[in-house]
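Peer 1: Can you keep this structure in mind? I'll have questions shortly.
The values are calculated or read from the model by the stated rules, or taken from the named source; none is laboratory data. Worth saying up front: this structure is predicted, and the values here are computed from it rather than measured. Here the Cβ is made from the backbone with ideal geometry for all residues, glycine too, and neighbour counts use every protein chain on show.
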2 protein chains.
Amino acid sequence: METVCVLGAGSTKYGKLNDSISDIAVQSSINAIENACIKPNEIEAGYISNVFGIADKQVHLGPVIMSNLGIPDKPSLSIESACGSGSVSLREAFANVAAGFYNAVLVTGVEKVTQTGTEWTTTYFSYCSDFFYEGQAGASFPGLFASMARAYLNEYDATEEDFAAVAVKNHNNGLLNPKAHLRKKITIEDVMESPIVASPLKLYDCCPFSDGASSVILCNEKFAKSHTKDYVKIIGSGRGGSPAALQGRDHMTTIPSTKLAAQAAYKMAGISPTDIDFAEVHDCFTIAEIVDSEDLGFFDKGKAADAVRNQQTELRGSIPINPSGGLKSKGHPIGATGVGQAVEVFDQLTGNAGERTIKNAKIGLTHNFGATGASCAVHIFQNV
Amino acid sequence: METVCVLGAGSTKYGKLNDSISDIAVQSSINAIENACIKPNEIEAGYISNVFGIADKQVHLGPVIMSNLGIPDKPSLSIESACGSGSVSLREAFANVAAGFYNAVLVTGVEKVTQTGTEWTTTYFSYCSDFFYEGQAGASFPGLFASMARAYLNEYDATEEDFAAVAVKNHNNGLLNPKAHLRKKITIEDVMESPIVASPLKLYDCCPFSDGASSVILCNEKFAKSHTKDYVKIIGSGRGGSPAALQGRDHMTTIPSTKLAAQAAYKMAGISPTDIDFAEVHDCFTIAEIVDSEDLGFFDKGKAADAVRNQQTELRGSIPINPSGGLKSKGHPIGATGVGQAVEVFDQLTGNAGERTIKNAKIGLTHNFGATGASCAVHIFQNV
């Protein structure tokens, strides 16, 4: 197995973008290529992640992106795993480079949906649930995560204000991220007084619909060393699955796929949760970050709300979570999100995260799932 | 690298199906699992290929399929590469088993679109073109392939009747395939007299829109040998790309991605085109089969029409092409097509192709592309 490295990273701003889906994908790809100090024709394959290309009338994005990069002969594909598409694409690219099939590949995640309006987006996103049991019964994602939140409040020592504190923290981090979608300082009161979306979740407990693209260049270490450029190693990669419908699970306050993916990634890396210096986790709703940080082993079950209350997950806390602002503030262009997490970790570990840099960080983790966690991938990165 | 084997294969009928997209995907998956004589929990990952899950309101198909198979904890993902999705999914599964990440995986391709009607399908399929240059200018796939056909007629010694002969042959083969969509004997005259879709292509030069699902079980050879079951080895796998828009290519009568994918697959297998006993190729339009069979090296450039005229590609010819009936007669459920080709090769090489069995066949090839060949994968299989 080859050691797999991240040699460069790039991203568009997340938010409501005017350019086409192809254009923003190409922009972030070029950013990553330039950041890696390579030429496009050194790329041997393109791993694209996207869910709703139809929203901007472009499916089969790979060849369009590769053609616009001037490397139409290189193979490409698109990977979809709902909101976890980006990290699953990263995983496939990782597997192919690790196996020696390619020396260097482009991983680009992209989504462009805001032009379609909220009704379209909410309806189509619900097709990512187990539609037979969930979507067609009216259970869209805010409702499903609200069920998890209600269960958590019933089972553990947590309050709606604790959920709100997650949003406040992530907005504080996002303020320091020039590419974040929602750059706005908010208070616990702002969250508590925002309109109820699906009780107990309020508007400010929910991430936005975003457009955006993020890219990384993955390569083997020989390739990385031949370029005079800081790079980061991927030391762990894991995947897992959960019953597609929430109703099929034993518990509402834990996500099995996260645990499986994390176990596999920690095992590959030969480390434990206490070795992680910071993490980008899937906070599509504030309750998700609470559950994720327990399932990833950062806190005991039922204790994540305490940790948030005690500021342990803040930028200067013991285990900073979502320094980028997370899905909540940085935004959630669903096909791009998992790749965007890797961009943040790369920027952090190479000292390019500006004001939100976590001092002395050596090991970062990304956690990204699809739907209510039916699919999940976890990656662990280490600087060299 | 592990030797990768096909241990089992299964398929629904192709055509207009009434069951849901999830149901048909699960049906073909169960067929393959039973055919491989394994238990579902021996599968370690699911590689799903699909393009328009939204047509039946189910994206994020992987976890739904795995959950319905009783193995929700196993990771899965969906791969899209337009009409080439199935073979690209096969390639990713191949790479992961070859690299040792998994011992055995399920590859299932599925599409369910006929319920949406021709207008929806034609419009959405056009999003698989380079939409900026092609789709939005009104160039949908019949028109694009008609341009290739017209160029071929201008450049080489071929007639519209030669194109028609491809359709006649594939319908003859499809008559012998109980799972084919269009099981109807046709004549050259039938094709020539059918309505013009995009001159010189007529209705019977075009494959149908189909629903359907196909599945194979891939595993390493140790796993295969531990099961008392006929298996087939994958000895070559190659991928390639072309400029996404037809206008970006140097020639209209050849597809660069086919040549690149074939070269890579032949090189990996250590064989040449003359070693291939039969092939399943991407005949979305009759002109495509002509071009494919030249790009794959079976005939010199401009000579495939001769070969069809001389019956060389018929079931009892020197190099049978599309014994299953091909996309033209078997049908083209786009996400399933590439996997369905592998099912046919597996059935042929294990002596389970019934009346259409090609005698003494030892090596079969599959060729499947997306759009006008912007993406392509070629696989070569050998019996043991």
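Peer 1: Restricting to the stretch B:338-384, name every residue that is closer than 26 Å to B:Ile21 by Cβ, more than 14 Å from chain A (Cβ to nearest Cβ) and in a helix (DSSP H, G or I).
Peer 2: Of everything in the stretch B:338-384, those that are closer than 26 Å to B:Ile21 by Cβ, more than 14 Å from chain A (Cβ to nearest Cβ) and in a helix (DSSP H, G or I) turn out to be B:Val339, B:Gly340, B:Gln341, B:Ala342, B:Val343, B:Glu344, B:Val345, B:Phe346, B:Asp347.
Peer 1: Let me ask something else. Does the stretch B:158-170 contain any residue that is in contact with a helix residue (DSSP H, G or I) (Cβ under 6 Å, 6 or more places away or on another chain) and modelled with pLDDT under 95?
Peer 2: No, every residue in the stretch B:158-170 fails to be in contact with a helix residue (DSSP H, G or I) (Cβ under 6 Å, 6 or more places away or on another chain) and modelled with pLDDT under 95.
Peer 1: Give the stretch B:173-203 a look and list any residue that's of a type outside the set (A, V, I, L, M, F, W, C), surrounded by 16 or more Cβ atoms within 10 Å (Cβ to Cβ) and either over 19 Å from B:Glu160 (Cβ atoms) or outside the structural domain of B:Ala151 (by TED's automatic domain parsing) (or both), or say none. Walk me through how you get there before you give the answer.
Peer 2: Going residue by residue through the stretch B:173-203, those that are of a type outside the set (A, V, I, L, M, F, W, C) are B:173-174, B:177-179, B:181, B:183-185, B:187, B:189-190, B:193-195, B:199-200, B:202.
After this cut, where a residue has to be surrounded by 16 or more Cβ atoms within 10 Å (Cβ to Cβ) as well, the list is B:173-174, B:177, B:179, B:181, B:183, B:190, B:194, B:200, B:202.
Selection gives B:Asn173, B:Gly174, B:Asn177, B:Lys179, B:His181, B:Arg183.
Peer 1: Quick one: count up the residues across the stretch A:182-199 that are assigned to a strand (DSSP E or B) and touching a residue at least 24 places away in the same chain (Cβ under 8 Å). If you could, list the steps in order and put the result at the bottom.
Peer 2: Step one: list which residues in the stretch A:182-199 are assigned to a strand (DSSP E or B), which gives A:196-198.
From what's left, touching a residue at least 24 places away in the same chain (Cβ under 8 Å): A:197-198.
Within the stretch A:182-199, residues that are assigned to a strand (DSSP E or B) and touching a residue at least 24 places away in the same chain (Cβ under 8 Å) number 2.
Peer 1: Here are some residues: A:Ser147, A:Ser140. Which one is in contact with a helix residue (DSSP H, G or I) (Cβ under 7 Å, 6 or more places away or on another chain) and at pLDDT below 95?
Peer 2: Exactly one of A:Ser147, A:Ser140 is in contact with a helix residue (DSSP H, G or I) (Cβ under 7 Å, 6 or more places away or on another chain) and at pLDDT below 95, namely A:Ser140.
Peer 1: If you don't mind, another one. Quick one: in the stretch B:69-126, of everything that is more than 21 Å from B:Ala377 (Cβ to Cβ) and among the hydroxyl-bearing types (Ser, Thr, Tyr), which residue is surrounded by the most Cβ atoms within 10 Å (Cβ to Cβ)?
Peer 2: B:Ser126
Peer 1: Then there is this: Only one residue in A:Ala104, A:Ala98 is more than 21 Å from A:Ser28 (Cα to Cα) and aliphatic (A, V, I, L, M), so which one is that?
Peer 2: Numbers: A:Ala104 fails: more than 21 Å from A:Ser28 (Cα to Cα).
So the residue among A:Ala104, A:Ala98 that is more than 21 Å from A:Ser28 (Cα to Cα) and aliphatic (A, V, I, L, M) is A:Ala98.
Peer 1: Looking at the stretch B:1-116, what helices (runs of 4 or more DSSP H) fall wholly within it and have at least 1 residues that are aromatic (Phe, Trp, Tyr) and out of contact with any His (no Cβ under 7 Å at 6 or more places or on another chain)? So that I can check it myself, show each step before the final result.
Peer 2: Details: elements: B:21-35, B:61-68, B:85-98.
Because the criterion is at least 1 residues that are aromatic (Phe, Trp, Tyr) and out of contact with any His (no Cβ under 7 Å at 6 or more places or on another chain), the helices (runs of 4 or more DSSP H) in the stretch B:1-116 that meet it are B:85-98.
Peer 1: Name the single residue, out of those in the stretch A:158-172 being among the aliphatic types (A, V, I, L, M) and farther than 22 Å from A:Gln348 by Cβ, that is surrounded by the most Cβ atoms within 10 Å (Cβ to Cβ).
Peer 2: It comes out as A:Ala164.
Peer 1: Does the stretch A:52-64 hold any residues that are touching a residue at least 40 places away in the same chain (Cβ under 8 Å) and in contact with a strand residue (DSSP E or B) (Cβ under 6 Å, 6 or more places away or on another chain), and which are they?
Peer 2: The one that is touching a residue at least 40 places away in the same chain (Cβ under 8 Å) and in contact with a strand residue (DSSP E or B) (Cβ under 6 Å, 6 or more places away or on another chain): A:Leu61.
Peer 1: A further question follows. Please name all residue pairs, on different chains or six or more residues apart, with Cβ atoms under 9 Å, provided the first residue is in the stretch A:18-30 and is within 16 Å of A:Ile54 (Cβ to Cβ) and the second residue is among the charged types (D, E, K, R) and surrounded by fewer than 24 Cβ atoms within 10 Å (Cβ to Cβ).
Peer 2: A:Ser20/A:Lys57; A:Ile21/A:Lys57
Peer 1: Where the second residue is assigned to a loop (DSSP other than H, G, I, E, B) and of a type in the set (Val, Ile, Thr) and the first is within 11 Å of chain B (Cβ to nearest Cβ) and lies in the stretch A:246-264, which pairs have Cβ atoms under 9 Å and are six or more apart or on separate chains?
Peer 2: A:Arg249/A:Ile255; A:Arg249/A:Thr372
Peer 1: How many residues, within the stretch B:215-246, are of a type in the set (Gly, Ala, Ser), farther than 30 Å from B:Ser147 by Cα and in contact with a Gly (Cβ under 7 Å, 6 or more places away or on another chain)?
Peer 2: Within the stretch B:215-246, residues that are of a type in the set (Gly, Ala, Ser), farther than 30 Å from B:Ser147 by Cα and in contact with a Gly (Cβ under 7 Å, 6 or more places away or on another chain) number 1.
Peer 1: Taking the stretch A:158-183, which residues are within 18 Å of A:Lys303 (Cβ to Cβ) and either hydroxyl-bearing (Ser, Thr, Tyr) or within 18 Å of the chain's Cα centre (by Cα) (or both)?
Peer 2: A:Thr159, A:Val166, A:Lys169
Peer 1: When you go through (1) part of a helix (DSSP H, G or I); (2) within 12 Å of another protein chain (Cβ to nearest Cβ); (3) buried (at least 20 other Cβ atoms within 10 Å of the Cβ) one by one for A:Asp130, which number turns out not to apply?
Peer 2: Looking at each condition in turn, A:Asp130 falls short on (1).
Peer 1: Still on this structure, please answer the following. Return the only residue of B:Glu44, B:Glu92 being acidic (Asp, Glu) and more than 9 Å from chain A (Cβ to nearest Cβ).
Peer 2: B:Glu44
Peer 1: Confirm whether A:Gly109 is modelled with pLDDT of 95 or more and within 14 Å of chain B (Cβ to nearest Cβ).
Peer 2: yes
Peer 1: Given (1) at pLDDT below 95; (2) touching a Phe, Trp or Tyr at 6+ places or on another chain (Cβ under 9 Å), where does B:Lys229 come up short, assuming only one miss?
Peer 2: (2) is the only condition that B:Lys229 fails.
Peer 1: Which residue, of B:Asp295, B:Asp306, B:Asp300, is within 19 Å of the chain's Cα centre (by Cα) and not polar (S, T, N, Q)?
Peer 2: The unique qualifying residue is B:Asp295.
Peer 1: Only one of these conditions is not met by B:His60: (1) within 19 Å of the chain's Cα centre (by Cα); (2) crowded, with 24+ Cβ neighbours inside 10 Å. Which number is it?
Peer 2: Single failed check for B:His60: (1).
Peer 1: Ok, one more. State yes or no: is A:Ala224 assigned by TED's automatic domain parsing to the domain that holds A:Val26, not in a strand (DSSP E or B) and not β-branched (Val, Ile, Thr)?
Peer 2: In short, yes.
Peer 1: I've got another one for you. Among A:Ile65, A:Ile54, which is the only one that is in contact with a helix residue (DSSP H, G or I) (Cβ under 7 Å, 6 or more places away or on another chain) and surrounded by 24 or more Cβ atoms within 10 Å (Cβ to Cβ)? It would help to see each step written out before you state the result.
Peer 2: Working: A:Ile54 fails: surrounded by 24 or more Cβ atoms within 10 Å (Cβ to Cβ).
After applying the criteria, what remains is A:Ile65.
Peer 1: Go through the stretch A:220-247 residue by residue and tally those that are closer than 17 Å to B:Gly62 by Cβ and touching a helix residue (DSSP H, G or I) at 6+ places or on another chain (Cβ under 6 Å).
Peer 2: Counting residues in the stretch A:220-247 that are closer than 17 Å to B:Gly62 by Cβ and touching a helix residue (DSSP H, G or I) at 6+ places or on another chain (Cβ under 6 Å) gives 8.
Peer 1: Here's another thing I want to ask about it. For B:Ala82, all conditions in the list (1) touching a Cys at 6+ places or on another chain (Cβ under 8 Å); (2) more than 8 Å from chain A (Cβ to nearest Cβ) hold save one; what is the number of the exception?
Peer 2: (2)
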